[in-house]
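Asker: Input: one structure, supplied below.
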Amino acid sequence: MTDPIFVIPLWADLTAVALGGVQGAMFAAGFRGQRRLDFLGVALIGIMIGMGGGLIRDLLLNTTPVTLQNNWYLVTATAAALLGMLLAAPLAKLSGVIVGLDALVIALFGAFGTSKALALGLPLVPAVFVGVVAAVGGGALRDVLMGLPVAIMHVGSLYAVAAAAGCVVLAGMHAFGVPTVVAAIVGIAVTSVIRLLAVIFDVSLPEQRMLHRRKVAVETSAIAVIKPDEA
Amino acid sequence: MTDPIFVIPLWADLTAVALGGVQGAMFAAGFRGQRRLDFLGVALIGIMIGMGGGLIRDLLLNTTPVTLQNNWYLVTATAAALLGMLLAAPLAKLSGVIVGLDALVIALFGAFGTSKALALGLPLVPAVFVGVVAAVGGGALRDVLMGLPVAIMHVGSLYAVAAAAGCVVLAGMHAFGVPTVVAAIVGIAVTSVIRLLAVIFDVSLPEQRMLHRRKVAVETSAIAVIKPDEA
Amino acid sequence: MTDPIFVIPLWADLTAVALGGVQGAMFAAGFRGQRRLDFLGVALIGIMIGMGGGLIRDLLLNTTPVTLQNNWYLVTATAAALLGMLLAAPLAKLSGVIVGLDALVIALFGAFGTSKALALGLPLVPAVFVGVVAAVGGGALRDVLMGLPVAIMHVGSLYAVAAAAGCVVLAGMHAFGVPTVVAAIVGIAVTSVIRLLAVIFDVSLPEQRMLHRRKVAVETSAIAVIKPDEA
């Protein structure tokens, strides 16, 4: 069931890194008020989202991080983060761009994580786990370092579920002998579509909706408390 | 002094994973108000507590994570997390169950961490360190991802000290030639008993008591500030 | 371009661990009010700052953590943390000591990270990355576990930039055939001096200054809100 010949092509991996870098920087540049980051902070978030998924995957698989084997990953992530900062202002109104990029980045890191795990001989369930952690790990790291509530724990829109669905489909097709490239493409499509549909139709698990309403209330009160001193 | 034949038996490891999964999910399901988690969040916490200790141990030892080598670990952790969610409501009154499970889980991960480190030829001090980090790491990860103050840094009841005591006893007995299985059982007993006694008699290091009192005051004020907007 | 014979001498590595332990414990012991830590917490912070850089470096390089290969690292870090606690009270007025130690610790972990990465054959860009992450990683871990805003994301005084400058100089000199020991010494000097000058002249990137002003305002308001209940 293993497929030792399969290696994620460099161009595909760098594409994921670049999209992650752009998305991360656009996301980080969008912060206003206290959370506002300087250039370095925005670049760090871009690098983290671009490289985090691959690093976490390789740590879990106990392989030498491929993102550190050549200069291209870091150069790409940094350049993409700079591009993301430049694009943040003109595209601020188009929040759909960030959401769309985010869906694609999760899908790519999920598919690469599960594919590499399967190629290294991991069984189906842990291969899916590695994919999901690779997909959502970069974002969790970003939230922790920025002091934000971690999105996977409290988010609506079925974030981790979308990643898991794509990885399960990929691993399932792999088990039935479908070539990894085909399985990966289908898995990427499944995750992206579920994530986008979830955002568009505002789907969430029952508890989350309530949570969201409460959080807004708290944020409003926090702003009310802080404002007088800021003026 | 090394003991390369010793391997943690699968049933023992899966028992620790299952107990961790149940405990983590019961703990997470107990949150009310803003911190309330949906089903997915509760399951994630259960998986994290069940699998975190073993993952952190294997990362520190630079060995391929044993929890990802077969399907059973993830299946067990997930099933245990679901069970923990079901048990959370009927057992809500019996907070002793969560505390007891917690003591046993810390003890198991501590003992397995130190045993595996010694089996891989690590000296005594780092072997104890690996055990303590494996014991408390899952909980620290949970606290960070949930945005809670990290328990090991501020907790009463000598959390890390209990783990360390059991690991030191285990490593000491190992150094004197006691078979690993016997040393591990004694170490597990030492950690569990210390932790339970600490909770029962509310023992804490001097500073912690004061810290606790202050934290409650802050939480009360925070609730008072937020409530008006929530209504 | 690789230099497989180069190994960080044990005495140099232990010096970095000791300085990190002292600095971490002095830093942690300085907390007052709610953030006040007990003895165990202060020791944990010391160990984290002393050992964190080396652990993170070895995880990224997928090598067995050298800090766990003998008893000296943990013994040194723990003893240094205890020393740091004792020194915290008499040296509380001399905040320059903590800042100076901090600059040196960052410089040492950055230089050791980049040197080891180059010795293992990593290309220049990832070798610099490993150095920077090793330099700032221990502090980031401390901030996350203590629930503080992570300094590298929001800090003035060009924290990560100082680390990066030293690592770039080191890697550049290495590329031109300068012996690693010489390159490392120059790199350590560059990072230390930049960091100290940044603190002395209060240099920061444009956005950070504004951020700082706002944060102070928020902290003031938070204290104002909390105080009445604490009394």
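Rule-based calculations on the coordinates, nothing more; no lab input. Keep in mind it's a predicted model, so treat the numbers as computed, not measured. Positions of Cβ are generated from backbone atoms using ideal geometry, with glycine treated the same way; all protein chains shown enter the neighbour counts.
Asker: What are the distances, in nm and sorted shortest first, from the label point of B:Ala151 to the label points of the same position in each other copy, with each label point placed 7 Å from Cα along the Cα-to-Cβ direction?
Answerer: With the label placed 7 Å along Cα→Cβ, B:Ala151 yields 2.9, 2.9 nm.
Asker: Once you place label points 7 Å from the Cα toward the Cβ at A:Thr64 and C:Trp11, how far apart are they in nm?
Answerer: So the two model labels end up 3.2 nm from each other.
Asker: Continuing with this model, one more query. With an 8 Å Cα cut-off and a minimum separation of 6 or more residues, compute the relative contact order for region A:10-200 in percent.
Answerer: Numbers: 313 pairs, mean separation 43.2, N = 191.
Relative contact order for region A:10-200 comes out at 23 percent.
Asker: Defining a contact as two alpha carbons under 8 Å apart and six or more residues distant in sequence, what relative contact order in percent does region A:10-118 show?
Answerer: Numbers: 137 pairs, mean separation 41.2, N = 109.
Relative contact order for region A:10-118 comes out at 38 percent.
Asker: If each label sits 7 angstrom from Cα along the C-beta direction, how far apart, in nm, is A:Val97 from its counterparts in the other copies?
Answerer: Those separations, rounded to one decimal, come out as 5.3, 5.3 nm.
Asker: Right, something else. Starting at the first residue of region C:7-15, write each ³J(HN,Hα) from the Karplus equation 6.51 cos²θ - 1.76 cosθ + 1.60 with θ = phi - 60°, in whole Hz, x for Gly and Pro.
Answerer: These are the phi-based 3J(HN,Hα) values: 10, 5, x, 4, 5, 5, 5, 5, 5 Hz.
Asker: What are the trypsin sites (Lys or Arg not before Pro) within region C:73-154 that DSSP puts in a loop, where the Cβ has at most 10 other Cβ atoms within 10 Å? Please list the in-between numbers first.
Answerer: Details: sites: C:Lys93, C:Lys116, C:Arg142; in loops: C:Lys93.
In loop regions of region C:73-154 (DSSP not H, G, I, E or B), the sparsely surrounded trypsin sites (Lys or Arg not before Pro) are C:Lys93.
Asker: Rounded, prolate or oblate: which fits region C:23-100 when a ≥ b ≥ c are the square roots of the eigenvalues of the alpha-carbon gyration tensor, with rounded for a/c under 1.5 and prolate only if a/b beats b/c? Don't skip to the answer; put the middle values down first.
Answerer: Working: a/c = 2.18, a/b = 2.14, b/c = 1.02.
It comes out prolate by the Cα gyration axes.
Asker: Once you have a ≥ b ≥ c as the square roots of the Cα gyration tensor eigenvalues for region A:10-200, tell me rounded if a/c is under 1.5, and otherwise prolate or oblate according to whether a/b is larger than b/c. Don't skip to the answer; put the middle values down first.
Answerer: Values: a/c = 1.87, a/b = 1.49, b/c = 1.26.
Since a/c reaches 1.5 and a/b is larger than b/c, the shape of region A:10-200 is classed as prolate.
Asker: Here's something else I'd like to know. Determine, from the Cβ-Cβ distance of B:Leu83 and A:Leu83 and an R0 of 51 Å, the FRET efficiency 1/(1 + (r/R0)^6), rounded to the nearest 0.05.
Answerer: Details: r = 48 Å, r/R0 = 0.94.
Efficiency computed from Cβ-Cβ geometry: 0.60.
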